[in-house]
Amino acid sequence: MYHNWVSANTKPLEVDSTVFNVFDGEYPPEDTHYDIMLISGSKKGVYDQLDWMIRLQNYIRTTAAKGQKYIGICFGHQILAAAFGSQVIVNPNGWEVATCSFPISNQIQQELNITFTNDLRLYYAHKDIVTSVPEGFTVLGGNDKSPIQGLIKDNQIFTLQGHPEFSKGVLECILQIIEQESLADIEVVTESRKKLALPTDQLWLIDHVLEYLGF
């Protein structure tokens, strides 16, 4: 899914990707540099502080100091924020799932050289949030559910709480699991299903993410 989202850019840029399962201790060979490293979502929470998460945060800090560029999606957004000093907690406002939106701040619009008068709309499936802005980072924007919906830093790091790689079908499956396992109130599931009909902006977004990162 991530490969397909990045490959959907209109530049056009050809995309080659390699997957490393860091929870199994898989990492790129030492001193290997990639144009971009993308950290994906996870079933685990950053606050679990498992050994592989601690190692990943150390790896992020070390490679970022050498100029490695990063995209963080959902858990990736959270672990990148945590690596640079933020805290991640269970959202006291509950789940943010299905099609949700937030306004892009004026400062970010200037930095990205865009004019976007509507709220940015993406697919979501999370119940954890970043609570503070790490030093040197700027917030993309926020909403009542999650005030920090994404972060950018120095044309090197771009994170999103939402899931631009998801499709409507993926969200339908996630909502089914949430309902079957009673992970959220049925009212949340019902309202979320209604939102799935709304269009999203993930294909528009990828070009601007890549431009910000210098591609």
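Brief remarks on what is shown
- Under 12 Å from the Gln49 label point (7 Å along Cα→beta-carbon), backbone N, region 61-99: 88
- Overall dimensions of the chain, expressed as equivalent-ellipsoid semi-axes from the Cα gyration tensor (√(5λ), whole Å, largest first), are 25, 21, 17.
- Euclidean distance of C-alpha centroids, region 1-67 and region 140-171, integer Å: 16 Å
- When the trypsin sites (Lys or Arg not before Pro) in region 1-63 are filtered for DSSP coil states and for at most 14 other beta-carbon atoms within 10 Å of their beta-carbon, the remaining sites are Lys43.
- Measuring how big region 126-215 is from its alpha-carbon positions, Rg and Dmax come out at 15.4, 43 Å.
- Estimated from helical segments only, the mean residue ellipticity of the chain at 222 nm is -9500 deg cm²/dmol, where each DSSP H run of four or more residues counts as -39500 (n - 2.57).
- Using a cut-off of 25 Å between Cα atoms, the listed pairs Lys66/Lys127; Lys11/Lys69; Lys153/Lys195; Lys11/Lys66; Lys127/Lys195 include Lys66/Lys127; Lys153/Lys195; Lys11/Lys66 as exceeding that distance.
- Placing unit charges on the Cβ atoms only, positive for Lys and Arg and negative for Asp and Glu, gives the chain a dipole magnitude near 220 debye about its Cα centre.
- Size of electric dipole in region 1-55: Cβ of Lys, Arg +1 and of Asp, Glu -1, about Cα centre, debye, nearest 20: 320 debye
- For region 76-170, the share of alpha carbon pairs falling in successive 5 Å distance bins from zero is 3, 13, 25, 25, 21, 11, 3, 0 percent.
- Residue range of the chain that is longest and free of GluC sites (Glu not before Pro) which are both DSSP loop and sparsely packed (at most 16 other C-beta within 10 Å): 31-134
- Accessible area of region 151-200 divided out per residue, in Å², using a probe of 1.4 angstrom: 52 Å²
- Of the chymotrypsin sites (Phe, Trp or Tyr not before Pro) found in region 4-68, those in coil by DSSP whose Cβ has at most 15 other Cβ atoms within 10 Å are Phe20, Tyr34.
The values are calculated or read from the model by the stated rules, or taken from the named source; none is laboratory data. This structure is a prediction, so every number in the text was calculated from the model and none was measured. Backbone-built Cβ (ideal geometry, glycine too); neighbour counts: all protein chains shown. Note: accessible area is taken over every heavy atom of the protein model, side chains too, but ligands, DNA and RNA are not part of it. Shrake-Rupley method; radii C 1.70, N 1.55, O 1.52, S 1.80 Å.
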